[in-house]
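Please read the structure below before turning to the comments.
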Amino acid sequence: MIAFMTLLLRGIFLTFFFSGFAAAAQLDLTEKENGKDLWMDRGDLLVFRLPSNPSTGYSWSVAASKPGLLLQQGEATCEIPKSAKGRLGAGGTEVWRFRAERAGTLTLTFSYARVWEKGLPPVRRLSWPVTIRPSAE
């Protein structure tokens, strides 16, 4: 009986202890969600998957209206579909990852352009308003 009560109390304690440590949410976005208001909590992750074809010289760049609220997680990567591997000129998907660092609001804007073509507007621009809520600690 004592062993059962010990296990029960240990389970209750662990449940309450770990309930304060909710896992970070992840928002996966594509160009289809362009302009959609994004609401997230500190610690949450944003993952953007944007169509790209590096063989054309075009690539995405990103700008935040308020630096320091979102922290980029590593460099952007390019994913090439298995069906396109080994094919010259095949397109893929650029993947950008960000973590919500501080509470606040900002606009995250992606521009698709050739970096050497100065003075020309990007061929594509995507933008998301982001609100980061303070964590509930």
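Taking amide hydrogens as placed 1.01 Å from N in the peptide plane, the amide H of E101 sits under 5 Å from those of G43, L70, L71, each at least 5 positions away in sequence or on another chain.
For the stretch 21-50, trypsin sites (Lys or Arg not before Pro) meeting the loop criterion (DSSP other than H, G, I, E, B) and having at most 15 other Cβ atoms within 10 Å: K36.
Our coupling estimate for the stretch 126-133, obtained by passing each phi through the Karplus curve with A = 6.51, B = -1.76, C = 1.60 and θ = phi - 60°, is 10, 8, 10, x, 10, 10, 10, 7 Hz, Gly and Pro reported as x.
How much FRET efficiency would the formula 1/(1 + (r/R0)^6) give for S55 and K32, where r is the Cβ-Cβ distance and R0 is 22 Å, rounded to 0.05?
Numbers: r = 24 Å, r/R0 = 1.08.
The calculated FRET efficiency here is 0.40.
Here's the picture: a label point sits 7 Å out from the Cα of I80 along the beta-carbon direction, and within the stretch 94-118 the residues with their amide nitrogen under 14 Å of it are 94.
Taking amide H positions as modeled 1.01 Å from N, with prolines and chain starts lacking one, the residues under 5 Å from G92 and 5 or more places away or on another chain are S52, N53.
Out of every Cα pair in the stretch 41-137, what percent are spaced more than 24 Å from each other? Of the Cα pairs, 31 percent sit more than 24 Å apart.
None of the figures in this text is laboratory data; all of them are computed from the coordinates on show. Keep in mind the model is a prediction, meaning the values are calculated, not measured. Note: ideal-geometry Cβ built from the backbone for every residue, glycine included; neighbour counts use all protein chains shown.
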